[in-house]
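The values are calculated or read from the model by the stated rules, or taken from the named source; none is laboratory data. What you are looking at is a predicted structure, and each value in this text was computed from that prediction instead of being measured. Neighbour counts are summed over all protein chains in view; Cβ atoms, including those assigned to glycine, are modelled from backbone coordinates with ideal geometry.
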């Protein structure tokens with residue numbers, strides 16, 4: 001079956017540090033890959049996505065590249081801000097139609113000023 | 001903007017009660033989903049629906065049922081609530097592969 005593995009944290013960084021959150025997956029076929037973010041007290045918001053190998057998703061300074069050869073979709077940001085503190089979820093969708101997402105367990109990111 | 005709303009942000013129920021969690025979306029999406037979110041487990045899919053009156057089991061359907069009588073509304077039903085159903089419940093909707101989430105309902109079963 002499908003699965004997503006990501007570092008769980010918490011990950012604590014200082015403001016302006018470089019961020020990497022690792023995500024690897026197991027899936028049948030050619031999944032679409034997503035990063036969602038959950039700010040305190042809120043639901044999940046789509047941060048970025050990639051639908052095929054070598055695609056790069058980007059948004060709000062975050063980037064992730066779909067690497068089929070290493071089955072990875074690592075999230076990166078060059079300079080984090082306190083406002084980036086949140087829980088980040090890596091997810092995949094491998095089916096067509098209305099199939100649900102398979103999520104990782106989430107990574108709690110804490111940015112200190 | 002897509003808006004997904006859930007009927008309650010917080011809910012406290014007693015063991016054995018029948019519980020209804022309601023979700024409404026305003027973008028005419030065909031697909032709707034219910035997940036539960038637990039610390040250390042991430043989000044897990046309970047049920048989803050790809051059309052009115054259609055439903056499919058997700059990864060953890062036991063103890064739950066759903067209803068979709070109208071396109072915009074998807075209800076999650078706990079027939080007889082148990083303490084292990086204490087969790088955060090998230091509803092989502094989609095037209096294509098991107099899912100849009102509601103704010104969640106935090107359910108406590110005593």
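Taking residue B:106 as the residue in question, decide whether it is within 12 Å of chain A (Cβ to nearest Cβ) and over 29 Å from residue A:30 (Cβ atoms). Criteria met by residue B:106. Of the residues that make up the stretch B:33-42, is at least one in contact with a strand residue (DSSP E or B) (Cβ under 7 Å, 6 or more places away or on another chain), farther than 22 Å from residue A:88 by Cα and within 12 Å of chain A (Cβ to nearest Cβ)? The answer is no; no qualifying residue exists.
Confirm whether residue B:90 is assigned to a strand (DSSP E or B), modelled with pLDDT under 95, over 19 Å from residue B:18 (Cβ atoms) and touching a strand residue (DSSP E or B) at 6+ places or on another chain (Cβ under 7 Å). Here the answer is no, as residue B:90 does not meet what is asked. The strands (runs of 3 or more DSSP E) found wholly in the stretch B:1-71 and carrying at least 3 residues that are within 12 Å of the chain's Cα centre (by Cα) occupy B:4-6, B:19-25, B:31-38, B:42-49, B:65-70.
Scanning the stretch A:32-48 for residues that are at the interface with chain B (Cβ under 8 Å from one of its Cβ atoms), crowded, with 19+ Cβ neighbours inside 10 Å, free of Cβ contacts under 8 Å to residues at least 40 places away in the same chain and assigned to a strand (DSSP E or B) yields a total of 0.
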